[in-house]
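The values are calculated or read from the model by the stated rules, or taken from the named source; none is laboratory data. What you see is a predicted model, and the numbers here were worked out from it, not measured in a lab. Counting neighbours? That spans all protein chains shown, and the Cβs are built from the backbone with ideal geometry, glycine included.
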Amino acid sequence: MIKKAKALRKELDGINFTFNGYSAKASWEEIPPQPMPLNRRLNYLTRTHNNSTTEITQTEKDTYHILKEELPPVLEKLKRISEVDIKNLESEMEKIGAPWTPGRLPELN
């Protein structure tokens, strides 16, 4: 079960990286070129047009289409992990009487 839990943690870390990318110590400019994290795209999209009275720009449209393409597979993976993989691991833990872990609700008999 520890191997399963570590594998799930690794998948979740990958999803977190997809959303946030590398963390900068001072500013975004100091990070070497890399794929744009989803959160950065989403923030760009919402912040640039929030106070604007103009039409949606082509860059905003492009950003939206990229998010529309890249976000669903990540959400599906996250949904599978939370609804299937973690629940299966919790069931295995309950069967063997494993001690309580954060996020796992005890069952009273």
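The residue list L105, L78 contains one member that is among the hydrophobic types (A, V, I, L, M, F, W, C) and either touching a strand residue (DSSP E or B) at 6+ places or on another chain (Cβ under 7 Å) or not in a loop (DSSP other than H, G, I, E, B) (or both), which is L78. For region 26-40, the set of residues classified as outside any helix (DSSP H, G or I), polar (S, T, N, Q) and surrounded by 11 or more Cβ atoms within 10 Å (Cβ to Cβ) is empty.
When region 57-71 is limited to residues that are exposed (fewer than 14 other Cβ atoms within 10 Å of the Cβ) and part of a helix (DSSP H, G or I), the one that is farthest from the chain's Cα centre (by Cα) turns out to be Q58.
The selection criterion, being loosely packed, with under 13 Cβ neighbours inside 10 Å and modelled with pLDDT under 80, does not hold for N43. Looking at region 47-69, is at least one residue small (G, A, S) and touching a residue at least 24 places away in the same chain (Cβ under 8 Å)? Checked against the condition, which is being small (G, A, S) and touching a residue at least 24 places away in the same chain (Cβ under 8 Å), region 47-69 yields no hits at all. Considering every residue within region 87-108, establish whether at least one is loosely packed, with under 10 Cβ neighbours inside 10 Å, under 23 Å from the mean Cα position of the chain (by Cα) and among the small types (G, A, S). Yes.
All of (1) outside any helix (DSSP H, G or I); (2) over 15 Å from N16 (Cα atoms); (3) within 18 Å of the chain's Cα centre (by Cα) hold for T54 with one exception: (3).
Scanning region 51-108 for residues being modelled with pLDDT of 90 or more and either touching a Gly at 6+ places or on another chain (Cβ under 6 Å) or among the aromatic types (F, W, Y) (or both) gives a total of 1.
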